[in-house]
Structures are given as structure tokens and as C-alpha cells.
Amino acid sequence: MQTTVSNPTTAPLRSVEVTVAGGESRRTIPTLAAGASETVNLTAVVPDAGDGTVDVRTTYTTPNGVERESVTSAPVTVESLKTDVGIRAQQAQNDDTQQATGDLTGLLGGGGGTDALQSQSGSEGESSRDRVDVTVTNFGNTPVDEVVLTAEDSEGTRLGSVGRFALADTLAPGRETTVTVDLSRVQSTDGVRFVASYEAPEGRNETALRYDYRAQRGEARLTGLDVSVAEGGRVTVDGNLANVGDGEVTSAVVAVQPAEGVQPAYPRRDYFVGTVDASSFAPFELTAQADVENATQVPIQVTYAVDGEQVTRNATVPLPPAESGAGGGPVSPRMALAVLLGLAAAAGATVYVTRYR
């Protein structure tokens, strides 16, 4: 509360001391000139919320050295204690880690402990998408103490890779504190939940916010497959291992898997592709031996790592029918049809096309 002390006399007053009943708040004015006024801030403890009065006691020394005292009753309106801590998160705007306390200038809206999804601001060119500014604000009218920020995954498990931040010993009403959090080691693909815990008058409490963060992950896929079957059941599979994700894949290996009627064959039973960057691809070639009378497909297994996590994918490649041409080598059905049409143009020609199975 604020109270104003005035000197209506024609001489200065010395050792002016102002106290408020019900508390230890005390303010001293060494000298108050004649006709002057001064406003001081005092703190009072009022047991009940609502309208009431407090007694303000003023003691001072006159120019003659006489100590005097004055008591005044002042009306006050006391609000009920309200704890309201909010969190907001946005992409970091610079590379400097911040952990500072400020006022509410430019801040819109109250927190209220909601778990709403917050929007992200800032462009990719201004900051890394993995760095997030998390701000904890005290919208209430009572201080909160021991403010600590942690992060959890979508299942409520604390993310040790993010760390634990002690934001403030005491966060006064109308104040905020911000810390820049690095999420580059987070593997979550379903958002991150920031949790601010604090000591309130009613006990330990927390406020949470879900931040829409997706870890960059690579994803390998077989593309551009070309399968050929030679006489004797020799199978060659050419293709590309494409990374359709937004993070790199490492230690990628493509291998033929044994199955009924199909066995991996020398010289390329498997093929080490290695690292494939995001939106890139790498070629590979595999060889197998197939029982073409019974086998219809070649099983292929792809293994790779994403951020140290091993991933295995299985696929099957259908075997095309192999055809025997005039020279005994395999030709495709389309080539066989072309040969058939070409020879049929000759009068009386008899054409035999043997399908090799």
C-alpha cells in the first residue's frame, strides 16, 4: 500500500518514521521540509480479503526536539490470493541462451496453467528449429518460489536429454523468466510437454504446455527396382535406397533373405549402402538364385540406423517371367512379342517362342 506523509508546518520535521499496524513494514524520512509531502510504500498483513482499514502510525521530531505521534486509519481493499502461472514457447530468435526476469510488457493473455498447443514463430533462417525459448510468467497476485522447468514426452516420461532448469528462486507477480532449450537430442515424434513446477502458498504446484515439436528422422525406402531373371534362375535386383525422411540414415544395408525357392547368391548377397542424407538416394545391386518353377518373389531386408536407433524394414520384390530368345538368352515378354510380330510378316513363317520357367 502507499501512504503520503505531509508537513503542514512552517518548519522542517526530522526523523519521520511511518509504520503500519499488523506488519513489520517501516519507512524512514530523515527530514521533511516545511510544506512538503512524500509518498512511501508499506506492506500490511490483512487476515481476510475484501474491504477494510489499517492503522498507519507516524512519529517525528519537531524543530524544538519534541517527539510527536500521529495515527491515521486508511481504507484498503484486499484481493484474494490467486496463483496463475503460464508458459509460452516459441522458436529461439537467437543463439544466446537466455535466463532473465522481466516485466509483462508486450505479453498478451494469461496462462492459467492450460495445456494448450502454442504456435511457433520465427523463420528457419533466424534460428534452429531445435532451439526453443520457453517463458514462464506469473500472472497471479502472489509470488511463487523455486521455479523449475523440465520436459516430458507424450507419455509423461521426463526427457533427460533436455535437462532440468532452475529458473528463479522467487518469481514475483507480473514477472517472467525465459530459458532457451535445446531439443536436438529429443527423439519424440509426438510433441514435447514443458512442465514448470513451483512452490505456491497452497503447496507445490505445476503448469504444463504441449509444444508441437517433431524430431527430424530419416526413413529408407526401396525405389526404382529393376528385376531380371537369367537362364538357370539367376536373379539380379537393381534399385535405389531412397531417404524420404528429413534426417539422415546411417549404416544402411540391403540384403536378400532366404525363402522357399530363393537363396542369396554370390557376389552380392547383401550390399552396404552406408549413409544417405535426407531427400537423397544411393544405388545398389543384389544377386540371388531362384527356383523359377516355384518362386514368385524375392524377400529383401533393409537395416539402417536413425539417431543411433536400429531400424529394420522387410520388402518383397515380385519375380518377372523370364523368356528365352533365339540366342537362348532371356528376353522380356514385350521383346518376345516384337520378335513374333516381325517374323509373322514373312509369308508362311512359323515362329516358336519358348517361355523359360
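The values are calculated or read from the model by the stated rules, or taken from the named source; none is laboratory data. Not measured: the values here are computed from a predicted model. All Cβ positions, glycine included, derive from the backbone under ideal geometry; neighbour counts span all protein chains shown. In case anyone asks, the SASA skips ligands and DNA or RNA and just uses the protein heavy atoms, side chains included. Shrake-Rupley method; radii C 1.70, N 1.55, O 1.52, S 1.80 Å.
Here S70 sits with roughly 50 square angstrom of accessible surface, probe radius 1.4 Å. State whether the range 159-215 is rounded, prolate or oblate according to the following rule on the C-alpha gyration tensor (a ≥ b ≥ c being the square roots of its eigenvalues): a/c under 1.5 gives rounded; otherwise a/b larger than b/c gives prolate, and the remaining case gives oblate. Judged from the Cα gyration tensor, the range 159-215 comes out prolate (a/c at least 1.5, a/b above b/c). Taking amide hydrogens as placed 1.01 Å from N in the peptide plane, the amide H of A252 sits under 5 Å from those of V273, G274, T275, A305, each at least 5 positions away in sequence or on another chain.
Over all other residues within a Cβ to Cβ distance under 13 Å of E199, the charged ones net out to -4, with Lys and Arg as +1 and Asp and Glu as -1. Cα-based radius of gyration for the range 176-287, normalised by 2.2 N^0.38 Å, reads 1.80.
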